[in-house]
Amino acid sequence: KAKAEAERKAEARAKEIREEKARAARAAERARLNAFHLPVAGSHVTTGYNAGGSLWSSGSHSGVDFRAASGSSVVAVGAGTVVEAGWGGAYGNNIVLRMADGTYTQYGHLSSIGVSVGQSVSSGQQIGLSGSTGNSTGPHLHFEARTTPDYGSDMDPVAYLRSHGLNV
């Protein structure tokens, strides 16, 4: 009888351990899917947010520019849905994503667009290639964070990325 009780306890403990490992694996997968990425790996900001000048129709820069040779991989900074993919006037070939948190991110001056409207994208998924289309002085990625999908609803993209755990 004591042996049967010991086996029952051992089996119950083994089941607890299996369930805990499964919970940990699910949590790790959620963390991986929710992690944010820089839009261009290994890059840095070359023109900051709100920089003044005649290059911008509003008189100031509504996003940030990341250094990127033409054809560099551009990835979704987080999980979201494509709400715009195509020609965006001064932005050239551009993509706008509605992020899981309800904000929007924009990727401009692309040489190539690899997603279409309505498509779901995961964090870190390649969505296009950098370029110099639209109102651009050379190849780079123009990146914006917005409260709506529309021009004029911009917020500081560096602060946005930092709020999601990135070192920019």
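Nothing in this text is a laboratory measurement; each read-out follows from the coordinates by a stated rule. Owing to the predicted nature of the structure, the values given are computational and were not obtained by experimental measurement. Virtual Cβ from ideal backbone geometry, glycine too; neighbours counted across all protein chains shown.
Considering only 79, 43, 161, the residue lying farthest towards the positive end of the dipole of the chain is 79, judged by Cα position with unit charges set on Cβ. Annotation: amide H-H contacts under 5 Å for residue 121 (H modelled 1.01 Å from N, sequence separation of 5 or more, or interchain): 80, 81, 82. Under the criterion of Cα pairs below 8 Å and six or more residues apart, the relative contact order for segment 45-163 equals 29 percent. Enclosing the Cα atoms of the chain in their convex hull gives a volume equal to 128 cubic angstrom per residue.
For segment 45-163, a simple Cβ point-charge model (Lys and Arg +1, Asp and Glu -1, everything else neutral) yields a dipole of about 180 debye relative to the Cα centre.
By the rule of a C-alpha distance below 13 Å, with chain neighbours fewer than 8 residues away ignored, the aspartates and glutamates paired with residue 3 are 11.
Of the chymotrypsin sites (Phe, Trp or Tyr not before Pro) found in segment 99-166, no site is in coil according to DSSP while having at most 14 other Cβ atoms within 10 Å of its Cβ. Along segment 94-105 the Karplus relation, 6.51 cos²θ - 1.76 cosθ + 1.60 evaluated at θ = phi - 60°, assigns HN-Hα couplings of 9, 10, 10, 10, 8, 7, 4, 8, x, 8, 10, 10 Hz to successive residues, with x for each Gly and Pro.
Packing, as the average of other Cβ atoms within 10 Å across residues, places the peptides 114-123, 69-78 in the order 69-78, 114-123, highest first.
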